[in-house]
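So the structure is just underneath, and the comments pick up after that.
The values are calculated or read from the model by the stated rules, or taken from the named source; none is laboratory data. Predicted model, so just to flag it, every value in this text is computed and none were measured. Backbone-built Cβ (ideal geometry, glycine too); neighbour counts: all protein chains shown.
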Amino acid sequence: MIDSTLEAPFKAPRHLVVEGPIGVGKTSLARRLATSFGSELMLEGADENPFLGRFYQNPRDAAFPTQMYFLLQRAEQLRGLRQQDLFEQTRVADFLFEKDRIFAELTLNEAEFELYTRVFEHLAPELQAPDLVIYLQAPVDVLMERIRRRGISHEQSISAEYLRRLCDAYIEFFYHYDASPLLIVNAAEIDLVSSDADYHVLLERIGALGSGRHYFNPAPIDLS
């Protein structure tokens, strides 16, 4: 039986972000961490983007409005943190503002990306970096299977090639990322949502982290 109320045995970072490519499980893990920490949950709200379904059907025609909507939506969500931080409330999010450029670079043409970048650079200095980023990784075939299993209709047209490019772009992005402590997790063979044992091991790893970059390559725990 899954204990969704498993509490963290340490003080949580005030602003924790879970990141990774489509299908890796970042939103599900963010939800569980928010429950463990008793924290506010901030989700990127992909379902609220009116252009996303059109993007998956016709990427070329809908890429620019899709990206601009996400960019402005995420900036608006994060802009309020400065005042709210006075109360030091813990927050867990399933998105990192800076990663939005990963998708923009993959989907926009040169002119669109130039305009996008001007807006991005105007918004970015106003926002605070997280206290910890957890970056989940998994191979493309694992991501494709997880996308198939969760059955979101507009995601079923995502190609393995697009996911491969996206994963490569994430790797490149986080190779250079140094704005926050970073925990890189190999999530290919573990179940951080349905397995209390796997999840508890991750919690312990988070609690032991210091500054800088860290790697976590756990094996699944078999309690049978």
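Values for this structure:
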item	result
Residue list for the range 33-80, restricted to those being assigned to a helix (DSSP H, G or I) and of a type in the set (D, E, K, R)	47, 48, 54, 60, 61, 74, 76, 79
Candidate set: the range 193-224, residues that are of a type in the set (A, V, I, L, M) and within 15 Å of residue 12 (Cα to Cα); chosen: the one surrounded by the most Cβ atoms within 10 Å (Cβ to Cβ)	206
Residue match in the range 192-214 (condition: in a loop (DSSP other than H, G, I, E, B), acidic (Asp, Glu) and either farther than 15 Å from residue 32 by Cβ or in contact with an Asp or Glu (Cβ under 9 Å, 6 or more places away or on another chain) (or both))	no
Any hit, the range 33-50, residues being under 20 Å from residue 106 (Cβ atoms), at pLDDT below 95 and of a type in the set (D, E, K, R)	yes
Residue in the range 161-176 that is of a type outside the set (Ser, Thr, Tyr), touching a residue at least 40 places away in the same chain (Cβ under 8 Å), in a helix (DSSP H, G or I) and touching a Gly at 6+ places or on another chain (Cβ under 8 Å) present	yes
Qualifying residue in the range 9-16 (condition: more than 21 Å from residue 173 (Cα to Cα) and at pLDDT 90 or above)	no
Condition check for residue 103: aromatic (Phe, Trp, Tyr), at pLDDT 90 or above and over 14 Å from the mean Cα position of the chain (by Cα)	no
Residue selected from the range 93-126 under the condition polar (S, T, N, Q) and in a helix (DSSP H, G or I), by the criterion surrounded by the fewest Cβ atoms within 10 Å (Cβ to Cβ)	117
Among residues of the range 102-143, those that are over 22 Å from residue 59 (Cα atoms) and of a type in the set (Gly, Ala, Ser), counted	3
All positions within the range 130-160 that are assigned to a loop (DSSP other than H, G, I, E, B) and in contact (Cβ under 8 Å) with a residue 60 or more places away in the chain	130, 131, 138, 157, 158
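Here is a yes/no grid of residues against (1) farther than 30 Å from residue 58 by Cβ; (2) modelled with pLDDT under 95; (3) buried (at least 18 other Cβ atoms within 10 Å of the Cβ):
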| site | (1), (2), (3) |
| --- | --- |
| 145 | no, yes, no |
| 162 | no, yes, no |
| 169 | no, no, no |
| 191 | yes, yes, no |
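Per-residue answers, yes or no, for (1) within 22 Å of residue 185 (Cβ to Cβ); (2) under 17 Å from the mean Cα position of the chain (by Cα); (3) of a type in the set (Lys, Arg):
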position: 32; (1), (2), (3): yes, yes, yes
position: 41; (1), (2), (3): yes, yes, no
position: 45; (1), (2), (3): no, yes, no
position: 48; (1), (2), (3): no, yes, no
position: 51; (1), (2), (3): no, no, no
position: 57; (1), (2), (3): no, no, no
position: 63; (1), (2), (3): no, no, no
position: 68; (1), (2), (3): no, no, no
